[in-house]
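K.L.:
Structure provided below as structure tokens; questions to follow.
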Amino acid sequence: MSQIEKLNLNDRSVLVIGGPTASGKSGLALEAAVKYNGVVINADAMQVYQGIPIITATPTAQDKKQAPHKLYEIYPPSQRGNVADWLDLAIKEIKAAWSEKKLPIVVGGTGFYIESLIKGISPIPDTKDEIKKQIAELMKQKNLSEVYEYLTSIDPAGASMVNPNNKTRIRRALEIKLDTGKSIAEWFREPLVKFLPEADFQMIKLLPDLNELEKKCSRRFDLMMEQGALSEVENLLQLKLDKNLPAMKAIGVPELSDYLEGKTSLDEAVLLAKLHTRQYAKRQLTWFRNR
């Protein structure tokens, strides 16, 4: 019996399907959408970007004909998506589905997005534009270790929560401290803010055997190459984007970029992309098992 046969739905249900890459989430979500008059809502942090549908395994045009799909390919690759923006959009889509008597089906492998939707997020206010510009300028002038040292000097508790090599987290911790006067550590101790307290979340976790999952990851990347992943990355490189942008870090993009830039062979690039896909899937599997 399929997992979607066991559901006990009501007019405030939200079906959430989570699990690692290549575990069959999108197929199950489509099956549920067809069966229950549903709307599929993306909760994958990479499938929000345009220009890389093959690399990110975004649902196909044929899939989208069978049921409505929301929040896929909504940002240009030059943009930085984040959990706060995604939450705003996801909540609007969930409420829109309810108003149309449809079942919202949230599906993806970005566990932080899913957990934030269900449990809520810390009530950290958005920082002012002038603070963001100030930190951006600082990060242009200093190397990352110097910026991290500065964070440590003004917010040791916040710095202890941040990986010294994670540029995005360091920047965010600095913005919060300088704008609010409170450490990110203090904000994380505040009660979580739930955005949909009325929702009846019903969770399906896909947790396949690791060995089988790793085989699926490798087969899927071979299929991506057949479908034109290399051309997709070539087109992306022509945009000359900052390689620190999320879209430029999607698994397969850095590896195939190295081949296209003459830094490695195609066989080496593909092997490395498969390795990184398997490693990512293993981390996702561990995360979902522990939740």
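The values are calculated or read from the model by the stated rules, or taken from the named source; none is laboratory data. The structure presented is a predicted model; accordingly, all values stated were derived computationally and were not measured. Every residue, glycine among them, receives a Cβ derived from its backbone with ideal geometry; neighbour counts consider all protein chains shown.
K.L.:
Of these, Glu198, Glu214, which one is outside the structural domain of Ser26 (by TED's automatic domain parsing) and either over 28 Å from Gln141 (Cα atoms) or in contact with a Ser or Thr (Cβ under 8 Å, 6 or more places away or on another chain) (or both)?
P.N.:
Result of the check over Glu198, Glu214: Glu214.
K.L.:
Inspect all residues belonging to the range 48-63 and state whether any of them is among the acidic types (Asp, Glu) and surrounded by fewer than 15 Cβ atoms within 10 Å (Cβ to Cβ).
P.N.:
Among the residues of the range 48-63, not one is among the acidic types (Asp, Glu) and surrounded by fewer than 15 Cβ atoms within 10 Å (Cβ to Cβ), which makes the answer no.
K.L.:
Return a yes/no flag: does the range 73-84 have any residue that is hydrophobic (A, V, I, L, M, F, W, C), closer than 24 Å to Gly120 by Cβ and assigned to a helix (DSSP H, G or I).
P.N.:
Yes, the conditions are met somewhere in the range 73-84.
K.L.:
Another question about this same structure. Small (Gly, Ala, Ser), crowded, with 19+ Cβ neighbours inside 10 Å and within 24 Å of Ala247 (Cβ to Cβ) - does that describe any residue in the range 114-136? Before you say what the answer is, go through the steps one by one.
P.N.:
Initial filter on the range 114-136 (small (Gly, Ala, Ser)): 116, 120, 122, 136.
Filter again for crowded, with 19+ Cβ neighbours inside 10 Å, leaving 116.
Add one more test, that the residue is within 24 Å of Ala247 (Cβ to Cβ), and what stays is 116.
Scanning the range 114-136 turns up at least one residue that is small (Gly, Ala, Ser), crowded, with 19+ Cβ neighbours inside 10 Å and within 24 Å of Ala247 (Cβ to Cβ).
K.L.:
Does Gln284 meet the test of being outside any loop (DSSP other than H, G, I, E, B), of a type outside the set (Asp, Glu), buried (at least 17 other Cβ atoms within 10 Å of the Cβ) and within 21 Å of the chain's Cα centre (by Cα)?
P.N.:
Here the answer is yes, as Gln284 does meet what is asked.
K.L.:
Inside the range 27-46, can you point out the residues that are of a type outside the set (Gly, Ala, Ser) and in contact with a Leu (Cβ under 8 Å, 6 or more places away or on another chain)?
P.N.:
Step one: of the range 27-46, the residues of a type outside the set (Gly, Ala, Ser) are 28, 30-31, 34-37, 39-42, 44, 46.
Scanning the range 27-46 gives Leu28, Tyr36, Asn37, Val39, Val40, Ile41, Asn42.
K.L.:
Quick one: which helices (runs of 4 or more DSSP H) lie wholly within the range 118-227 and hold at least 1 residues that are within 27 Å of Arg291 (Cβ to Cβ)?
P.N.:
156-160, 167-180, 184-188, 210-227
K.L.:
Inspect all residues belonging to the range 121-130 and state whether any of them is modelled with pLDDT of 95 or more and not β-branched (Val, Ile, Thr). Steps first, please.
P.N.:
If we filter the range 121-130 for residues that are modelled with pLDDT of 95 or more, which is where we start, we get none.
Taking every residue of the range 121-130 in turn, none turns out to be modelled with pLDDT of 95 or more and not β-branched (Val, Ile, Thr).
K.L.:
Given the criterion more than 15 Å from Gly109 (Cβ to Cβ) and β-branched (Val, Ile, Thr), identify the matching residue among Val16, Val34.
P.N.:
One residue alone meets the criteria, Val34.
K.L.:
Scan the range 56-72 and give yes if some residue there is farther than 21 Å from Ile204 by Cα, in a loop (DSSP other than H, G, I, E, B) and touching an Asp or Glu at 6+ places or on another chain (Cβ under 8 Å), otherwise no.
P.N.:
Yes, that holds for at least one residue.
K.L.:
Moving to a separate point now. Hey, any hits in the range 223-230 for a residue that's within 24 Å of Lys25 (Cα to Cα), of a type in the set (Asp, Glu) and not assigned by TED's automatic domain parsing to the domain that holds Thr110?
P.N.:
Yes, the range 223-230 contains a residue that is within 24 Å of Lys25 (Cα to Cα), of a type in the set (Asp, Glu) and not assigned by TED's automatic domain parsing to the domain that holds Thr110.
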